[in-house]
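Engineer: The structure that follows is given in the form of structure tokens.
The values are calculated or read from the model by the stated rules, or taken from the named source; none is laboratory data. The structure presented is a predicted model; accordingly, all values stated were derived computationally and were not measured. Using ideal geometry, Cβ is built from the backbone for each residue, glycine included, and neighbour counts are taken over all protein chains shown.
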Amino acid sequence: MLLLQVIVGGLLLGAIYALFSSGLTLIWGMMNFINFAHGEFVMLGMYVALLTVTYLGGGPVLFSLSAAVTLYGIGIIIYLTLIRHVMKGPMLAQILSTFGLALLLRYAAFWIFSANVVSLPQTTLSGIVDVGGILMPMSQLVAGVVAIVLTVGLHLLLTRTNIGSRLLAVAEDRNAAMLMGIRPDRMQALAWGLAAGSAGIAGALMAISYPFSPSVGETFGLTAFVAVTLGGFGSVPGALYAGLIIGLIQALSAYWLGAIYKDIVVYAMFAALLWLRPQGLMGKAS
Amino acid sequence: MKKTSHLMAALLAAVAISAPATLARAADPIKVGIIWPLTGNAAAAGQASKAAIEVALDIINNKHPELGDLPLAATEGLPNAGGAKIVVEFTDHQGNPSTAQQLAVRLITQDKVHALFGAYHSSCSFTATAVSERYGIPFMVGESAAGNITGRGFKWTFRGTPIASDYAATYMRFFADMKKQGRKIETIAIVNENTDYGTSVAAAIEEEAKKNGISVAIKVPYSANSTDVAPQVLQLKEKNPDVAIFISYTADAILFMKTMRNLNYLPPMVIGDDTGFSDPSFIPGVSAVAQGVMNRSAWDIGKPGTTTYKINEMYKAKTGRDLDDTSARNMQSFFALADALNRAGSNDPEKIRAALVATDLKPNQLMMGYEGVKFDQTGQNVLAATYLIQLKGDAYQLVWPDRAAAAKVEWPMKGWK
Amino acid sequence: MSRNVKLGILGLAAILLLYPLLFSGAFALNVGSAVLLAAISASAWNIVGGYAGQISVGHGMFFGVGAYLPLLIYQITGLPPLAGVPVGIALSIILAIIIGLPAFRLRGHYFSMATIAVAELIRIFTGTWEYVGAAIGLQGPAVGRGWWDLTFRDETPYYYIFLGVLAVVLYVTYELQRSRFGSYLRAIKSDERAASSLGVSVRMTKLKALVLSAIFTSIAGSLYSIKTGFVDPESGFGILVSVQMVIIAALGGAGSLFGPLVGAIILVSLQTATNTWFGGGGSGLTYILYGGIIVLIARYEPGGLYEYWQRISPRLWRSRRAA
């Protein structure tokens, strides 16, 4: 029974990992671009949620939407002012730019909100659901389910819609896409908006149950990297599976071996998998 | 226009200050360099402590006769040193031990400080005290967990706060008292974050428990930036200890309390080891689910009218938050340093050191619940002690030891029930 | 090498040699040593990251091994920390081979991710291992028992030791650049498949570069811990240690001989200056400025500042001659 409880908890958390990793994988796969500031988008989403609750009131629907919309905007602005230009440069300049951006965003939040740990009001989605003895806090249940729905939604957007096929066309072959009359710049801006927006909404969903401070993004950034590499760069379903698997492995190893070993297990498996299957779980062999 | 008027005002003020000074020949200020984490993961603690020191400076440098026996409160500056004021230079080591070392060098050689104070992270206290040892400048460790910061044969290092082994011994005395009242305490769980702080305190508690015949049912070290602690709570649930002691930072302390509620697990008693449980964010985050949780604190705001209450009001006016135990212990260590600077009557490092060695503050001269401040030959305060407090409603109340208690211990804790 | 470049190098060397005479304060020297140390590790990283184009974001693993061993040897045997330096180098070589053999099958971002994962693995593991001090870390002799413990109150000896090591690293890199091995590295960087079809043993060449890079990174780590007298998992193996090397090299110009040195001078001075000016205020302005400047350089000078210097220096030269 306890084991089942552990598994459910791990999967619910893994669903959130999946959501914010899917944003990272999108721009990684589409533009072959590493974003070290992705965890900071999650952090900003948390603070937008807090600001919304404090100044506008309203429930989880409102603050999740406002986090998504705000971060979508921030993502596009960052693309237009920075990423568009450094993309043409060497890979090292890209690493440099997003690392600097991460510091900038983290400490801008630090300046505005101070370093103190904050949480959303205790009453937000505070119920507990009991399914045959398995306890699921309402906040995590809703967050997990919404995260999976959104991740699947993002995948459908990419594969089933006109805009999605234009996005993928740019990812596949930028020049060919241009010949077809697609403007790659617009599509890439859209991708950055979607990536930041999904990270923002993931942040808002997590903020319901997790206390946070400006340095919280660091942890999420690394987890997202692992999920994206594991799932294969550019694969949203890959990020979904990888997120769920990481959540599950973390929970099980924390339960069986102890909390300090959960990251050791994840990184060790990750390194082993890279060795055996360098293209990731869902990636295509190159 | 505005600028010039400011300038005029400044000039006038300068004249006003310097005029009597030329007559009385006021002593040069004594400089203290402070090395803290003001950015990085421990920034919140550093920032809160910075505000506490600013309040302490106000108390020392200005007249505050309303603060009773607190040394240096009633007078302006350091009377023994010709009324010299203390000025401080705050620096930020960012949690990096080599930056702490660099700052110590800068403060000693560049800013010519007469004493150093810091450094929160044990790692940074290790490297910064080594510099002050090489240069022969006294270093007051306000608050750092690792036991062996004092006791390395250093002449110039002092520590005003209790250390891990003191806390561990306190818990054991408390358990003995509770057992006398018929509570069952046979097994405990130790849940600790795995950096220097959690590791040091956990090891000390385990050792003391062994000595006192209490068995440690389970040790749960974890990383403070965990996003999920459910597996750890389930591990506890399985072992079902009589008391669970948590050595945690803020976010993880809140997360643990919420997760215990979510998984419907409540041990008879939870004791938090200060830090996260004393953070002003803790109570608003968990008051609905953590009623009766106990916490260690040598700081007690007390009733209106008391010295401690007034100090808290000053702090609150500055920051909008109540003074927490960690910052208060830093503040107390700073008062002990100021007291020694005053008795030294000079800025000569040797004299300051001699005054620190001779420190003997009585309980009525302190803002904390220590039995005094007196340093042994390693530089450790041997009279430091601590209270235990318990969350009742929206505030902690002092419940142990009995002589100081404002309320009774509620055992078992209520949690959310 | 052109006459201009030679003159430039001589000038730089003269400034570095005379710096302690120009700025005699202990703090200025401490910052100077920090610059040199950062330049050593970034130059070491440059061998595999810059010349061979294999972007490791996990070089902290070699730095950490180098940093831990001297203090570990001191704690266990009481020997001077210096005795641990060769042990650290040996372990780093072994580590480089273990990591390099499988990891060099990976390309581009996959390689970077693998190095991050291994470094994190080692960091977390070290933090749980009692024998090496776990989370609390290891200390060296606080007060030296003799000169051989290398714990000086004066900063000058450190400065010149670091400068000497940097000179060695740069000289080796310079020779490497001119050798056949250096041209193999460049071939691999520009096109691995083409290099392989021309008969370059790609994996072996990359592995040799990694081993060489690991040796110097390990030495940098040893110098760090001997001077600081302390190391813990975060300051030895932390991801910031690894990222710092990449940033410095990228900032100065990766794949150029003096790029990492230029990057170290600028970045470390920038860090120190912002922390000195704004650190005490505690508003986080330090990092806002620091992050902001990094972003600006990446945006406007993506090739690194050394490239910028090369572009403008002939013009400066000419204008001065004209005048």
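Engineer: Can you pull out the residues in the range B:128-144 that are part of a helix (DSSP H, G or I) and within 22 Å of the chain's Cα centre (by Cα)?
Structural biologist: Initial filter on the range B:128-144 (part of a helix (DSSP H, G or I)): B:128-135.
Within the range B:128-144, B:ALA128, B:THR129, B:ALA130, B:SER132 qualify.
Engineer: Could you please find all residues in the range A:1-22 being within 12 Å of another protein chain (Cβ to nearest Cβ) and of a type in the set (Ser, Thr, Tyr)?
Structural biologist: A:TYR17
Okay, residues lined up against (1) more than 9 Å from chain C (Cβ to nearest Cβ); (2) crowded, with 23+ Cβ neighbours inside 10 Å; (3) among the hydroxyl-bearing types (Ser, Thr, Tyr); (4) in contact with a strand residue (DSSP E or B) (Cβ under 6 Å, 6 or more places away or on another chain):
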residue: B:VAL113; (1), (2), (3), (4): yes, yes, no, yes
residue: B:MET140; (1), (2), (3), (4): yes, yes, no, yes
residue: B:THR150; (1), (2), (3), (4): yes, yes, yes, yes
residue: B:LYS155; (1), (2), (3), (4): yes, no, no, no
residue: B:GLY160; (1), (2), (3), (4): yes, yes, no, yes
residue: B:TYR171; (1), (2), (3), (4): yes, yes, yes, no
residue: B:ARG183; (1), (2), (3), (4): yes, no, no, no
residue: B:VAL191; (1), (2), (3), (4): yes, yes, no, yes
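Engineer: Condition first: in a helix (DSSP H, G or I) and either within 17 Å of C:SER218 (Cα to Cα) or more than 12 Å from the chain's Cα centre (by Cα) (or both). Now tell me which residues in the range C:235-248 satisfy that.
Structural biologist: Across the range C:235-248, the qualifying residues are C:SER235, C:GLY236, C:PHE237, C:ILE239, C:LEU240, C:VAL241, C:SER242, C:VAL243, C:GLN244, C:MET245, C:VAL246.
Engineer: Would you be able to say whether some residue in the range A:23-30 is closer than 17 Å to A:TYR107 by Cα and more than 14 Å from chain C (Cβ to nearest Cβ)? Walk me through it before giving the result.
Structural biologist: Applying the first criterion (closer than 17 Å to A:TYR107 by Cα) to the range A:23-30 yields none.
Among the residues of the range A:23-30, not one is closer than 17 Å to A:TYR107 by Cα and more than 14 Å from chain C (Cβ to nearest Cβ), which makes the answer no.
Engineer: Can you go through A:ALA191, A:ALA227 and tell me which one is among the hydrophobic types (A, V, I, L, M, F, W, C), within 14 Å of chain B (Cβ to nearest Cβ) and within 14 Å of A:GLY23 (Cα to Cα)?
Structural biologist: Working: A:ALA191 fails: within 14 Å of chain B (Cβ to nearest Cβ).
The unique qualifying residue is A:ALA227.
Engineer: Of all residues being part of a helix (DSSP H, G or I) and among the hydroxyl-bearing types (Ser, Thr, Tyr) in the range A:178-219, which is modelled with the lowest pLDDT? Just the residue, please. I'd like the intermediate steps shown before the answer.
Structural biologist: Initial filter on the range A:178-219 (part of a helix (DSSP H, G or I)): A:178-179, A:184-207, A:214-219.
After this cut, where a residue has to be among the hydroxyl-bearing types (Ser, Thr, Tyr) as well, the list is A:198, A:215, A:219.
Details: A:SER198: 94, A:SER215: 89, A:THR219: 83.
This residue is A:THR219.
Engineer: Starting from residues that are among the polar types (S, T, N, Q) and in a helix (DSSP H, G or I), keep the ones in the range B:168-201 and report whichever is farthest from C:VAL231 (Cα to Cα). Quick ask: steps written out before the conclusion?
Structural biologist: First, the residues of the range B:168-201 that are among the polar types (S, T, N, Q): B:170, B:181, B:187, B:192, B:194-195, B:199-200.
The next check asks that each one be in a helix (DSSP H, G or I); those that pass are B:170, B:199-200.
Working: B:THR170: 31, B:THR199: 16, B:SER200: 17 Å.
Result: B:THR170.
Engineer: Between A:LEU44, A:LEU50, A:LEU56, which is more than 14 Å from every other protein chain (Cβ to nearest Cβ) and touching a residue at least 24 places away in the same chain (Cβ under 8 Å)? Before the answer, list the steps.
Structural biologist: Details: A:LEU50 fails: more than 14 Å from every other protein chain (Cβ to nearest Cβ); A:LEU56 fails: touching a residue at least 24 places away in the same chain (Cβ under 8 Å).
Exactly one residue qualifies, and that residue is A:LEU44.
Engineer: Tell me which of these C:GLY281 doesn't satisfy, since it passes every other one: (1) surrounded by 18 or more Cβ atoms within 10 Å (Cβ to Cβ); (2) under 28 Å from A:ARG106 (Cβ atoms).
Structural biologist: (1)
Engineer: With respect to the numbered conditions (1) within 13 Å of another protein chain (Cβ to nearest Cβ); (2) crowded, with 24+ Cβ neighbours inside 10 Å, which one is the sole condition not fulfilled by A:ILE264?
Structural biologist: It fails just one condition, (2).
Engineer: A further question follows. Suppose we filter B:SER297, B:SER287, B:SER281, B:SER248 for residues that are under 23 Å from B:TRP400 (Cα atoms), at the interface with chain A (Cβ under 8 Å from one of its Cβ atoms) and polar (S, T, N, Q); which single one remains? Spell out the reasoning first.
Structural biologist: On the way: B:SER297 fails: at the interface with chain A (Cβ under 8 Å from one of its Cβ atoms); B:SER281 fails: under 23 Å from B:TRP400 (Cα atoms); B:SER248 fails: at the interface with chain A (Cβ under 8 Å from one of its Cβ atoms).
Criteria check complete, one pass: B:SER287.
Engineer: Here's another thing I want to ask about it. Just wondering, is there one or more residues in the range C:84-105 that are hydroxyl-bearing (Ser, Thr, Tyr) and away from every other protein chain (no Cβ under 14 Å)? Break it down into steps so the answer makes sense when it comes.
Structural biologist: Going residue by residue through the range C:84-105, those that are hydroxyl-bearing (Ser, Thr, Tyr) are C:92.
Of the ones still in play, those that are also away from every other protein chain (no Cβ under 14 Å) are C:92.
Checked the range C:84-105: at least one residue is hydroxyl-bearing (Ser, Thr, Tyr) and away from every other protein chain (no Cβ under 14 Å).
Engineer: Pairs needed: first member in the range B:302-315, without any contact (Cβ under 8 Å) to a residue 12 or more places away in the chain; second member anywhere, in a helix (DSSP H, G or I); C-beta distance under 6 Å; at least 6 residues apart or different chains.
Structural biologist: B:GLY302/B:THR308; B:GLY302/B:TYR309
Engineer: Filter the range A:122-149 for residues that are in a helix (DSSP H, G or I) and within 17 Å of B:LEU263 (Cβ to Cβ) and give the result.
Structural biologist: Going through the range A:122-149, the residues in a helix (DSSP H, G or I) turn out to be A:138-149.
Answer for the range A:122-149, where residues must be in a helix (DSSP H, G or I) and within 17 Å of B:LEU263 (Cβ to Cβ): A:MET138, A:SER139, A:GLN140, A:LEU141, A:ALA143, A:GLY144.
Engineer: Another question, then. Search the range C:224-266 for residues being within 14 Å of chain B (Cβ to nearest Cβ) and aliphatic (A, V, I, L, M), and hand back the single one that is surrounded by the most Cβ atoms within 10 Å (Cβ to Cβ).
Structural biologist: Within the range C:224-266, the subset within 14 Å of chain B (Cβ to nearest Cβ) is C:224-241, C:243-244.
Those still in the list that are aliphatic (A, V, I, L, M) too: C:226, C:231, C:239-241, C:243.
Numbers: C:ILE226: 26, C:VAL231: 34, C:ILE239: 18, C:LEU240: 14, C:VAL241: 26, C:VAL243: 20.
Of everything passing the filter in the range C:224-266, C:VAL231 is surrounded by the most Cβ atoms within 10 Å (Cβ to Cβ).
Engineer: Let me ask another. If we scan the range C:21-29, do we find a residue that is under 28 Å from C:GLU175 (Cα atoms) and in contact (Cβ under 8 Å) with a residue 60 or more places away in the chain? Write out each step before concluding.
Structural biologist: Restricting attention to the range C:21-29, the residues satisfying the condition of being under 28 Å from C:GLU175 (Cα atoms) are none.
No, there is no match, as no residue in the range C:21-29 is under 28 Å from C:GLU175 (Cα atoms) and in contact (Cβ under 8 Å) with a residue 60 or more places away in the chain.
Engineer: Which one of these does B:TRP411 not meet: (1) in contact with a Ser or Thr (Cβ under 8 Å, 6 or more places away or on another chain); (2) part of a loop (DSSP other than H, G, I, E, B)?
Structural biologist: That leaves (1) as the condition not met.
Engineer: Could you pull out every one of the helices (runs of 4 or more DSSP H) wholly within the range B:1-107 that has 2 or more residues that are within 14 Å of another protein chain (Cβ to nearest Cβ) and modelled with pLDDT of 90 or more? Explain how you work it out, then say what you get.
Structural biologist: Working: elements: B:2-24, B:43-61, B:97-105.
The helices (runs of 4 or more DSSP H) meeting that bar are B:43-61, B:97-105.
Engineer: Give the range A:20-45 a look and list any residue that's polar (S, T, N, Q) and assigned to a helix (DSSP H, G or I), or say none.
Structural biologist: Quick first cut of the range A:20-45, residues polar (S, T, N, Q) only: A:21-22, A:25, A:32, A:35.
Scanning the range A:20-45 gives A:SER21, A:SER22, A:THR25.
Conditions (1) under 25 Å from A:ILE7 (Cα atoms); (2) crowded, with 21+ Cβ neighbours inside 10 Å, marked per residue:
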position	(1), (2)
A:GLU172	no, no
A:GLN188	no, yes
A:LEU194	no, yes
A:GLY232	yes, yes
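Engineer: Follow-up question, since we're still on this one. Among the residues of the range A:39-50, are any at negative phi and surrounded by fewer than 23 Cβ atoms within 10 Å (Cβ to Cβ)? Show your work before the answer.
Structural biologist: Taking the range A:39-50 and keeping what is at negative phi, we get A:39-50.
Within this subset, residues satisfying the condition of being surrounded by fewer than 23 Cβ atoms within 10 Å (Cβ to Cβ) are A:50.
Yes: one or more hits.
Engineer: To continue, here is another question. So, restricting to helices (runs of 4 or more DSSP H) that lie completely within the range B:283-400, which ones have at least 3 residues that are within 14 Å of the chain's Cα centre (by Cα)? Please lay out each step first, then the result.
Structural biologist: Working: elements: B:307-319, B:325-344, B:349-357.
Helices (runs of 4 or more DSSP H) meeting the threshold: B:325-344.
Residue-wise test of (1) under 30 Å from A:GLY29 (Cα atoms); (2) β-branched (Val, Ile, Thr); (3) touching a Pro at 6+ places or on another chain (Cβ under 6 Å); (4) more than 14 Å from every other protein chain (Cβ to nearest Cβ).
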residue: C:GLY108; (1), (2), (3), (4): yes, no, no, no
residue: C:ILE116; (1), (2), (3), (4): yes, yes, no, no
residue: C:LEU121; (1), (2), (3), (4): yes, no, no, no
residue: C:PHE152; (1), (2), (3), (4): no, no, no, no
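Engineer: Quick one: B:LEU236 ticks every box in (1) part of a helix (DSSP H, G or I); (2) closer than 25 Å to B:ASN41 by Cα; (3) more than 8 Å from chain A (Cβ to nearest Cβ) bar one, so which box is it?
Structural biologist: Just one mismatch for B:LEU236, condition (2).
Engineer: Read through the list (1) part of a helix (DSSP H, G or I); (2) at pLDDT below 95; (3) surrounded by fewer than 21 Cβ atoms within 10 Å (Cβ to Cβ), then give the number of the only condition that A:ILE83 fails.
Structural biologist: All conditions are met except number (3).
Engineer: Same structure again: Test A:ILE245 against the criterion of being more than 30 Å from B:GLY198 (Cβ to Cβ), among the aliphatic types (A, V, I, L, M) and either within 13 Å of another protein chain (Cβ to nearest Cβ) or out of contact with any His (no Cβ under 6 Å at 6 or more places or on another chain) (or both), and give yes or no. Full working, then the answer.
Structural biologist: Numbers: more than 30 Å from B:GLY198 (Cβ to Cβ): no; among the aliphatic types (A, V, I, L, M): yes; either within 13 Å of another protein chain (Cβ to nearest Cβ) or out of contact with any His (no Cβ under 6 Å at 6 or more places or on another chain) (or both): yes.
Considered against the rule, which asks whether it is more than 30 Å from B:GLY198 (Cβ to Cβ), among the aliphatic types (A, V, I, L, M) and either within 13 Å of another protein chain (Cβ to nearest Cβ) or out of contact with any His (no Cβ under 6 Å at 6 or more places or on another chain) (or both), A:ILE245 comes out as no.
Engineer: Within the range C:128-150, can you find the residues that are more than 12 Å from chain B (Cβ to nearest Cβ) and in contact with a strand residue (DSSP E or B) (Cβ under 8 Å, 6 or more places away or on another chain)?
Structural biologist: C:VAL132
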